[in-house]
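Encoded as structure tokens, the structure appears first; notes follow it.
The values are calculated or read from the model by the stated rules, or taken from the named source; none is laboratory data. In this text the structure is predicted, and so the values were computed from the model without any measurement. Here the Cβ positions follow ideal geometry from the backbone for every residue, glycine too, while neighbour counts run over all protein chains shown.
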Amino acid sequence: MLRIEITSLSSSHIKSVVDVHLKAFPNFFLSFLGPRFLNEFYGSFLVDAQGVGYLALSPSGHLVSPVCFKRFFIVVPPPDNV
């Protein structure tokens, strides 16, 4: 069984995340925008308060999988009759 470590995304990981993205999704829309765009895209998860980024690393420290997303909160007021 492969043991992995989950760690927070940092600026030192961005190049590896971009490389994995381009290899995993060669025909995906964001891949067509190129590595320069992807560097900015994944880097934005580090500076945006709503950004969340984690990595799965192999025991030797190689990137297995990035997980990045933006948190979205929808505030729905309660109905007047409650």
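Say we look at region 6-53 and pick out the residues that are of a type in the set (Asp, Glu) and at pLDDT 90 or above; which of these is farthest from Ser65 (Cα to Cα)? Write out each step before concluding.
Taking region 6-53 and keeping what is of a type in the set (Asp, Glu), we get 19, 40, 48.
If we keep only those that are at pLDDT 90 or above too, we end up with 19, 40.
Working: Asp19: 11, Glu40: 18 Å.
Once the filter is applied, the top-ranked residue is Glu40.
Could you please give the count of residues in region 1-15 that are touching a residue at least 12 places away in the same chain (Cβ under 8 Å), exposed (fewer than 10 other Cβ atoms within 10 Å of the Cβ) and of a type outside the set (D, E, K, R)? Let's see the steps before the verdict.
The initial filter retains those residues of region 1-15 that are touching a residue at least 12 places away in the same chain (Cβ under 8 Å), namely 2-11, 13-15.
From what's left, exposed (fewer than 10 other Cβ atoms within 10 Å of the Cβ): 2-3.
Within this subset, residues satisfying the condition of being of a type outside the set (D, E, K, R) are 2.
Of the residues in region 1-15, 1 are touching a residue at least 12 places away in the same chain (Cβ under 8 Å), exposed (fewer than 10 other Cβ atoms within 10 Å of the Cβ) and of a type outside the set (D, E, K, R).
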| query | Of everything in region 55-64 that's without any contact (Cβ under 8 Å) to a residue 60 or more places away in the chain and under 19 Å from Lys23 (Cβ atoms), which residue is surrounded by the fewest Cβ atoms within 10 Å (Cβ to Cβ)? | reply | Ser60
| said: Condition first: among the polar types (S, T, N, Q) and touching a helix residue (DSSP H, G or I) at 6+ places or on another chain (Cβ under 7 Å). Can you find one or more residues in region 22-36 that meet it? | reply: yes
| Which of the residues spanning region 21-40 are under 13 Å from the mean Cα position of the chain (by Cα) and surrounded by 17 or more Cβ atoms within 10 Å (Cβ to Cβ)? | His21, Leu38
